[in-house]
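Notes to accompany the following structure.
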Amino acid sequence: MGTLVGVLCALAGAAAYGAAGVLQHHSARQAPQRGALRPRLLLDLIQMSAFRAGVIFAAGGFALQVVALHFAPLALVQPLLVTGTLFYIGFAYAMRHQLPDARLMLGALVAIAGLTGFLLLASPSEETHPRGSSAVVPLGMVLVGLVAACLVAAALVHSDLRVMPLAIATAVCYGVTAGLVRELASTVDLSNLGTVWSKWQLYGVAVIGVAGFLLNQNAFQSGLIGALASAVITIGDPIVAVAFGATWLGEDIASGPVVTALQGVMMALVAGGVLLLARRSQQVAQEFREEIASAAVATW
């Protein structure tokens with residue numbers, strides 16, 4: 001019974017995250033264009049009721065995720081949470097009073113299937129062996145380098161695909177934030193919660209988490225079709241978290257010739273699904289633009 005409660009809460013959380021994404025994407029598209037990581041964008045967005053509703057849905061999704069993890073194992077909850085992309089596509093098309101695009105759904109399903117297989121095969125250990133504060137600077141340099149590379153790529157791309165590097169940067173920030181939260185939770189003395197303020201991970205979560213949220217809105221603002229950004233962020237987040245856990249927290253990842261080969265196959269599925277989403281998103285965006293242009297001509 002407990003596992004069933006966990007599954008239902010995970011699916012409800014995924015639906016809440018999907019609704020939050022649709023509302024945030026709608027708001028970001030209405031807001032004035034801002035450069036990447038400009039806090040001014042948040043000031044613009046917070047004035048919009050749809051964005052505030054999206055934040056509430058996201059908070060509800062997080063609460064449901066916590067409850068789900070209480071009743072069901074992470075290996076079951078995580079794959080269910082990434083179905084948020086399917087809910088996103090469904091809600092986005094419902095707002096247009098249309099049925100979801102079949103090829104967008106197919107791309108999302110392929111990517112989700114690949115991620116689910118990868119997570120099950122990786123099977124990260126619960127025990128951690130953090131590297132310690134001496135590795136903070138190298139971690140920071142790698143993080144800044146990855147995000148900077150994504151921002152440079154976004155600056156060079158002048159099409160709907162600009163959303164890709166911004167979404168990847170968001171996924172990196174979210175994945176690292178999740179890893180730092182895990183490390184913080186494992187090192188804080190529950191009998192003396194005041195010690196949490198002396199943990200550098202807390203401030204890392206605050207800075208990197210806010211940066212990720214800003215990049216998320218930049219990604220939504222850059223793409224007419226938000227499904228691609230939603231998929232890249234939702235799927236990339238746990239992949240980065242697993243990589244962070246293995247390299248930083250010292251978590252053991254299942255390995256061996258067969259397992260590693262299968263993990264490669266699963267990652268190829270993820271890549272294939274995302275590529276299908278990217279291609280179809282461009283086509284759908286063009287169709288939407290043509291609809292808008294036709295409506296404008298008819299009105300004129």
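Derivation of every value follows stated rules applied to the coordinates shown; laboratory data play no part. All figures in this text were calculated on a predicted structure; none of them were measured in a lab. Glycine gets a Cβ as well: all are built from the backbone with ideal geometry, and neighbour counts include every protein chain shown.
Structural remarks
- Scoring 85-93, 138-146 by mean Cβ neighbours within 10 Å over their residues and listing the highest first yields 85-93, 138-146.
- The chain - mean residue ellipticity at 222 nm from DSSP helices (-39,500 (n - 2.57) per run, n ≥ 4, rounded to 500): -27000 deg cm²/dmol
- Quarter of Cα convex hull surface for the stretch 85-299, i.e. mean projection, nm²: 14.5 nm²
- Unit charges on C-beta of K, R, D, E only; dipole of the stretch 40-179, Debye: 260 debye
- Pair-distance profile P(r), taking every C-alpha pair of the stretch 231-289, with 10 angstrom steps and integer %: 19, 37, 27, 12, 5
- For the peptides 104-113, 71-80, 44-53, the ranking by packing is 104-113, 71-80, 44-53, with the highest mean count of neighbouring Cβ atoms within 10 Å listed first.
- Compared with the rule-of-thumb size 2.2 N^0.38 Å for a compact globular protein, the stretch 1-58 has a Cα radius of gyration ratio of 1.44.
- Simple label model, 7 Å out from Cα along Cβ direction - A50 to S159, nm: 2.6 nm
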